[in-house]
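This report concerns only the one structure given below.
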Amino acid sequence: MLGTMSNIGFGIDIGGSGIKGARVNLDDGEFVGERIKIPTPKPATPDAVAETVAEIIRQAEWDGPVGITIPSVIKGQVATTAANIDPTWINTDVKELFGRYLSEREISVLNDADAAGLAEVKFGAPEAREGAVVFLTFGTGIGSAFITDGHLFPNTEVGHLIIDGAEAEYQASSHAKDREELSYKKWAKRVSMVLNEYERLFNPTVFVVGGGISRLHDKWIPRLTVETPVIPATLRNRAGIVGAAMAVHDHLTP
Ligand code: BGC
C-alpha cells in the first residue's frame with residue numbers, strides 16, 4: 001500500500017480562465033479523484049493566483065509536494081516572461097511566492113507547455129514516446145516543449161519565432177483562427193507554414209500537437225503539408241496537471 005501511495009502526486013495547471021488541480025497516479029497518468037477548478041482571478045496577479053492555488057490545495061486536503069504550471073518562461077524558478085498572463089509575473093520568484101502560500105513542502109514550477117509535453121511523451125501515443133519530440137499546444141498562443149527520450153530542454157518558446165514577418169503564434173494559434181474567422185483549410189495552411197519552419201530548423205522525429213483544437217484534429221492534421229509525422233496529443237486538458245505532478249516528483253526545477 002505504501003508503495004502505491006508514494007506514486008500519487010499533485011499537479012496544478014494555471015490557465016487564462018481556470019486554475020485546475022488534481023491528484024495524479026504517476027504510474028498511469030490518470031487522475032485520482034476529482035479535479036478541482038477555480039476561475040482564474042482577475043487581474044491574475046502572482047499573489048491572487050497563489051492564493052487560488054492554496055485554496056485548491058486546501059480543498060483537496062493535500063499536504064505533499066506540488067507541481068505548478070504557468071504560461072511563462074521559468075528560469076531558476078523565476079518567471080521571466082508574460083506573453084499571455086498578467087505582466088506583473090515578470091521577475092517573480094515563483095519559489096518564494098508559492099512557498100509563502102503553500103507552507104513547507106516541495107514545489108516545482110514549470111512552463112505550461114513543458115509540463116503538458118512531459119505528460120504526453122510519458123503517457124500519450126506510443127509514437128510520441130521516443131526520439132526527438134517537438135510538442136506544441138495551440139491555444140491563445142503556441143506553446144512548445146522539446147523532449148528527447150523523455151528529457152526536457154525547458155523554456156523553448158518557438159511560438160514567438162518570427163516567420164514571414166510575424167510571430168508564429170500571432171498567425172497560427174487557435175486564437176488567430178478565431179480572431180480572423182479562418183476556415184480549417186486556411187488555418188491549416190498557416191500551421192503548415194509554421195511547422196515547415198520548425199522542421200527546417202529542428203528536424204524532430206515527430207510533432208505532437210495539443211491544445212483544445214487538437215480534439216478536432218481530423219479537420220486539420222490531414223491537411224498539413226509537412227514531412228515529419230504529426231500526431232494529436234491524447235491526454236487533452238489532463239496533460240498540464242499530470243506533467244506538473246511528474247515534474248515535482250522528479251525534482252525538476254527549471
Ligand atoms: C507563452 C508560452 C506558453 C504558451 C502557451 C506563449 O505565449 O510565451 O510560455 O507556453 O503561450 O500557453
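In table form, for the structure just shown:
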{"quantity": "Cβ pairs under 7 Å, 6+ apart, first in region 164-179 and assigned by the TED database to the domain that holds Ser144 and of a type in the set (S, T, N, Q), second within 10 Å of the ligand (Cβ to nearest atom) and part of a strand (DSSP E or B)", "calculated": "Ser173/Phe138; Ser173/Ile142; Ser174/Phe138"}
{"quantity": "Subset of region 112-133 that is under 18 Å from Gly9 (Cβ atoms) and under 11 Å from the mean Cα position of the chain (by Cα) - its residue that is nearest to the ligand (Cβ to nearest atom)", "calculated": "Asp112"}
{"quantity": "Selection count where residues are in a loop (DSSP other than H, G, I, E, B) and surrounded by fewer than 16 Cβ atoms within 10 Å (Cβ to Cβ), scope region 41-70", "calculated": "5"}
{"quantity": "Residue count for region 167-198, restricted to those that are assigned to a loop (DSSP other than H, G, I, E, B) and either among the charged types (D, E, K, R) or open to solvent by less than 30 Å² (accessible area, probe 1.4 Å) (or both)", "calculated": "4"}
{"quantity": "In region 204-230, residue most open to solvent (accessible area, probe 1.4 Å) [restricted to those that are over 12 Å from Thr137 (Cα atoms) and assigned to a strand (DSSP E or B)]", "calculated": "Val230"}
{"quantity": "Verdict on Glu106 being acidic (Asp, Glu), under 17 Å from the mean Cα position of the chain (by Cα) and open to solvent by 60 Å² or more (accessible area, probe 1.4 Å)", "calculated": "no"}
{"quantity": "Complete set of residues in region 41-65 that are touching a helix residue (DSSP H, G or I) at 6+ places or on another chain (Cβ under 7 Å) and of a type outside the set (Asp, Glu)", "calculated": "Pro41, Thr45, Pro46, Ala50, Val53, Ala54, Ile57, Pro65"}
{"quantity": "Flag if Ser6 is of a type in the set (Ser, Thr, Tyr), open to solvent by 60 Å² or more (accessible area, probe 1.4 Å) and farther than 25 Å from Ile142 by Cα", "calculated": "yes"}
{"quantity": "Selection from region 134-166 of residues that are within 13 Å of the ligand (Cβ to nearest atom), open to solvent by less than 30 Å² (accessible area, probe 1.4 Å) and closer than 20 Å to Thr228 by Cα", "calculated": "Phe135, Leu136, Phe138, Ile142, Gly143, Ser144, Ala145, Thr156, Val158, Gly159"}
{"quantity": "Scope region 14-39; condition within 16 Å of the ligand (Cβ to nearest atom) and either modelled with pLDDT of 95 or more or open to solvent by less than 60 Å² (accessible area, probe 1.4 Å) (or both); matching residues", "calculated": "Ile14, Gly15, Gly18, Ile19, Lys20"}
{"quantity": "Residues that are closer than 18 Å to Pro43 by Cα, open to solvent by 40 Å² or more (accessible area, probe 1.4 Å) and away from the ligand (no atom under 13 Å from the Cβ), drawn from region 76-93", "calculated": "Thr88, Asn91"}
{"quantity": "Residue in region 134-156 that is modelled with pLDDT under 95 and among the acidic types (Asp, Glu) present", "calculated": "yes"}
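The values are calculated or read from the model by the stated rules, or taken from the named source; none is laboratory data. Fair warning: this is a prediction, and the values are worked out from it, not measured in the lab. Don't worry about glycine lacking a Cβ; one is built from the backbone with ideal geometry, like all the others, and counts go over all protein chains shown. When the accessible area is computed, the model is the full protein with side chains, heavy atoms only, and any ligands, DNA or RNA have been set aside. Shrake-Rupley method; radii C 1.70, N 1.55, O 1.52, S 1.80 Å.
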